[in-house]
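Structure first, commentary second.
What follows draws every value from the coordinates through simple rules; no lab data is involved. This is a predicted model, so every value here is computed, not measured. As a convention, Cβ positions derive from the backbone with ideal geometry for all residues, glycine included, and neighbour counts pool all protein chains shown.
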Protein chains: 4
Amino acid sequence: MKIGFIGLGNMGAAIAGNLVKAGHDVTVYNRTAAKAEPLVAQGAHAAATIKDACRGEAVFTMLADDHAVEEAALGPEGIVASLPKGALHISSSTISVALSERLTAAHAKAGQRFVAAPVFGRPEAAAAKMLFVAAAGPADAIKTAQPLLDAIGQKMFVLGEKPSSANLVKLSGNFLIAVVIESIGEAVALVTKGGVDRHAYIDLLTSTLFSAPVYKVYGNLIANEKFSPAGFAAPLGAKDIRLALQAAESLRVPLPLASLLRDRFLRLMAEGGENLDWSAISTLAARDAGL
Amino acid sequence: MKIGFIGLGNMGAAIAGNLVKAGHDVTVYNRTAAKAEPLVAQGAHAAATIKDACRGEAVFTMLADDHAVEEAALGPEGIVASLPKGALHISSSTISVALSERLTAAHAKAGQRFVAAPVFGRPEAAAAKMLFVAAAGPADAIKTAQPLLDAIGQKMFVLGEKPSSANLVKLSGNFLIAVVIESIGEAVALVTKGGVDRHAYIDLLTSTLFSAPVYKVYGNLIANEKFSPAGFAAPLGAKDIRLALQAAESLRVPLPLASLLRDRFLRLMAEGGENLDWSAISTLAARDAGL
Amino acid sequence: MKIGFIGLGNMGAAIAGNLVKAGHDVTVYNRTAAKAEPLVAQGAHAAATIKDACRGEAVFTMLADDHAVEEAALGPEGIVASLPKGALHISSSTISVALSERLTAAHAKAGQRFVAAPVFGRPEAAAAKMLFVAAAGPADAIKTAQPLLDAIGQKMFVLGEKPSSANLVKLSGNFLIAVVIESIGEAVALVTKGGVDRHAYIDLLTSTLFSAPVYKVYGNLIANEKFSPAGFAAPLGAKDIRLALQAAESLRVPLPLASLLRDRFLRLMAEGGENLDWSAISTLAARDAGL
Amino acid sequence: MKIGFIGLGNMGAAIAGNLVKAGHDVTVYNRTAAKAEPLVAQGAHAAATIKDACRGEAVFTMLADDHAVEEAALGPEGIVASLPKGALHISSSTISVALSERLTAAHAKAGQRFVAAPVFGRPEAAAAKMLFVAAAGPADAIKTAQPLLDAIGQKMFVLGEKPSSANLVKLSGNFLIAVVIESIGEAVALVTKGGVDRHAYIDLLTSTLFSAPVYKVYGNLIANEKFSPAGFAAPLGAKDIRLALQAAESLRVPLPLASLLRDRFLRLMAEGGENLDWSAISTLAARDAGL
């Protein structure tokens, strides 16, 4: 397929690379143009503008936040203004439910199609085509997107016809991960103050009931107190919890755990932890215990 | 080895059975004597009193709560009063850190040895010898206990020389499981109110980042709203959170997640949920969302 | 002074009436024009447009929320576009810190002056000139505003030169009131379930340590379970807590009590309590206790 | 009346003094006998043992905690063992609901009468006869106690026939005060970080909606950051919140605010604040905001 790809950060570049490898005709765009070079070397075309990346059957966006997606999609020479009728916008960024709903409406009005397809996994997983893709949108649009989404991850889950459902699920997933971080932080503070070695403790947890990757990854970061460089920085974690809370507020769903996490992230940043990995919220439980 | 075993509930009977199968000479005791019969059929001896179960090199206890263990161990004709000098008490019940410390002192005073060895796993895991054992105690006592503990589980973790460390770790483990339950409950309430099918959602979670058994077991209970009959009843969950909070209070470790769980359990029971599985606390998030 | 007054709801009409009584030349504007009639009967002039209410030395706004103030102040024929250079805008609405900052900047750019002067008190207090006024703005602007603010309340507090400080203080005040409501709700649930008569209990509290008006007013509403008609409806309470949390987030100040209140309001509304007084969040503690 | 008085700390000495002044024949007892001297100078008799203080129509206890009351009342030569049949024990200490229930049962069994009459107010209020008394017990016992309770406070509230109701109300009162402290702490952190002077802020609050003594006393302590010497030390506050939570747990009443306070007190003490006034929990909100 002839497609565009907008946003070549760590995640975007890895995903776009897999689309090229899968044999698609990919035109890439990034605000800082130099980031396109490695992909051009792999066979992609470089676009000078967003408009130029919107001339195919579909265009991906993989951008940092709501603001960047809003500008790229709804701006004057943006995706909605540029994409041909019937063509498809696949949004893989972690954005708010509210923006996803606005994009759904704008594309519908412009006679275009829209699928939200946020992904679970870090840049290494993206490079290895090991992402999990949470997709939602009208059945025909999902069908068009499927070969593209199959090319970028190990498995795709379809979550219904309303695109924003996929964004809600993505936000809920990051919420669940943050809960795991906080809970390990509290448990480690407790047993450490009780005299148990925290490495032995994490080993026990992750070899038994808590063998999921998320416990292993974060359990080890926490046991090793290794929060820098950040794999996923605290302000990004804070942002995703905020987006989850906003979606929950619109839907009138109280989320006491998310409220607690919000306060943890605010505190971490107020105390100077902006550049740390989001898992550094785990240190607050230890500090509160006088450790 | 010649050993005793006190407490033949679902867990105790399964564990004692594995000790018999491993070739040990096991004398079992249970307040309701009939429960000993199947074990006698397998080759165990039945004791008429606790005292009679305390004539070997070691005695296990696997009882419901602090009260039962206190009575069995510290009562007039109890374990401390009956066990030979140098013999070993292995406590596998989920008890408080405070009681574990009292038992440690009482056995030391009586010239006996004490190991705390609580286990992770449900009765089926116990029967299948698939338990995880968290053990703590003096090195020589652990060494004596090892062949016995190897006979009842798939893996043993040694958590130091202070027996109560193992009890603290066990309580922290149940705390972590309860957090998982609550977090799934909140996430399911959120995405369900947003229009996502909860079975598809749990499937996505447990096939991706949250592939640990604990997410699968409780994710399915929650998706299926199957809280009765209780695998582990709400009052038992409430009790373990209370014991975790008490240990945390003695150690001066604030645990905001445990505080939240405490309130959830109280509410579930105040609203009539005493006989439900502890995972029924997950329904409260849904109810608060008006679902 | 020749002034304008925009927004004639219960609060605005009472305040504007006091300005007329104090001898000022007041031109009033309300979207629903009929609300101006009683004030015209008292001696005010009616304006057909916002622009017409902006021809004097100062103009008040007393509107429902951010949206209404934004439209009135920053819209095409709005206050910023209409007010003479050097004239003063006094904003008495409960608005967000962020909007107050935008208004400060917009008025400065237009060569106008801006004071935020939100008030504490219900409509009856406004009518009786018993409001408390929390004002902030540049010293000269406060000086101009003073005779006007003296005419509408019993006491004015100056909170510095940055107008948004007054908005922050107003939001913090509503936060504190909501905490009082929640705390009475929990305490009443506790003692009621313990067998104490809740009327006797509220009587004890409010005759002793908690003699402040806020405890008397809300204590009685709670003891009498009188939440309808709403003096201040739940969605307005929810909004003010949200604005407090947003201001706190910008400033990076964790507010665990406000987070808890947010969840209470969401739940009350999810369960159908939209039309109840905000003090109805107090019923949730009772319900959680099975009462 | 001929009465005894056990416990001559700051509160007890002041209360006993007022009983002497009112003309009663008071025999006082304190473990450290020297504390009785000033009262003997005023006209009281000194008892060498608890037994000796139990020879009249009534005996007061005003002791530090459950442990002290338990020992004095239920110990071998204690009040229950010593008091004549029909005589009255008035317990003014802040004790647990559970102990109050045990005392009720023990006195009933011994043919004695029991009234719980905890008080609200600091030592200065006690000295000035300005305490508020929350009393509960059988009508005839209350009637006997009334002249004594009238002599020690400005007003008595009767809370029913079950003595422990008064203890529950006392604990709930301290819970409400702690909520006030925490809420002021959060509000002050918010407005201070927003640039408002905290003294001006407390002045505004306490001259307007929050004119109750409790806001004035604690608002000023917080604005002045004056937490030492402690009027009421952090561990005592922590204890009362714990007793409130225990009573709530027995009654199955979730108290999210009390849970939050529990964590605050644990943290304050873990961080070294044992000797500070309990209002020092207010500093935690400021610290979490990076102030």
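A compact table of results
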| read-out | value |
| --- | --- |
| Gyration tensor verdict on the range B:142-186 (Cα atoms; rounded if a/c is under 1.5, prolate if a/b is larger than b/c, oblate otherwise) | oblate |
| Residue-wise HN-Hα coupling along the range A:199-211, computed from phi with Karplus coefficients 6.51, -1.76, 1.60 (Hz; x: Gly, Pro) | 5, 4, 5, 5, 4, 4, 4, 7, 8, 10, 6, 10, 8 |
| Label 7 Å beyond Cα on the Cβ vector: C:Glu37 copy-to-copy distances, nm | 7.6, 8.3, 9.0 |
| Rounded to whole Hz, the Karplus (6.51, -1.76, 1.60) HN-Hα couplings of the range C:134-143, x for glycine and proline | 9, 10, 8, x, x, 3, 5, 5, 4, 4 |
| Part-to-part distance (alpha-carbon centres) for the range D:245-291 and the range A:125-146, which is given in Å | 47 |
| Under-5 Å amide H pairs with B:Lys155, H placed in peptide plane, nonlocal only | B:Val133 |
| The protein assembly as shown pair-distance distribution - Cα-Cα, 20 Å bins, rounded % | 11, 33, 36, 16, 4, 0 |
| Taking only Cα atoms of the range D:203-252, radius of gyration then Dmax in Å | 14.7, 40 |
| For B:Gly160, distant residues with modelled amide H under 5 Å away | B:Gly137 |
| Rounded tilt (10° steps) of B:256-270 against the dominant C-alpha axis of chain B | 90 |
| Table column - 3J(HN,Hα) (Hz), the range B:173-190, Karplus curve with 6.51, -1.76, 1.60, x for Gly and Pro | x, 5, 4, 5, 5, 4, 5, 4, 4, 4, 5, 5, x, 5, 5, 5, 4, 5 |
| Number of partner chain Cβ atoms within 10 Å, mean per residue of A:268-275 | 3 |
| Most mobile listed residue (B:Ala34, B:Ala14, B:Ala238) in chain B, GNM with C-alpha springs under 10 Å | B:Ala34 |
| Shielding by other protein chains, D:241-251, mean Cβ within 10 Å | 4 |
| Gyration tensor (alpha-carbon) shape descriptor, the range C:2-162, a/c threshold 1.5 | rounded |
| For chain D, fraction of C-alpha pairs farther apart than 32 Å, in % | 30 |
| Separation between Cα centres of the range C:162-237 and the range B:26-90, rounded to whole Å | 56 |
| Projected area, mean over directions - the range C:221-291, Cα convex hull, nm² | 4.9 |
| Gaussian network model of chain A, Cα within-10 Å springs - most flexible of A:Leu148, A:Leu261, A:Leu209 | A:Leu209 |
| Of D:Gly273, D:Gly12, D:Gly195, the one that fluctuates the most in a GNM where chain D has Cα springs shorter than 10 Å | D:Gly195 |
| Between helix B:234-251 and chain B: long-axis angle, C-alpha atoms, 0 to 90°, nearest 10 | 70 |
| GluC sites (Glu not before Pro) restricted to DSSP loop in the range A:1-88 with at most 12 other C-beta within 10 Å | A:Glu77 |
| Average partner coverage of C:208-218, which counts Cβ from other chains inside 10 Å | 6 |
| Amide proton proximity set for C:Val28, modelled H, under 5 Å, gap of 5+ | C:Phe5, C:His45, C:Ala46, C:Ala47 |
| Within-15-Å neighbourhood charge of D:Glu70 [Cβ basis; K, R +1; D, E -1] | -2 |
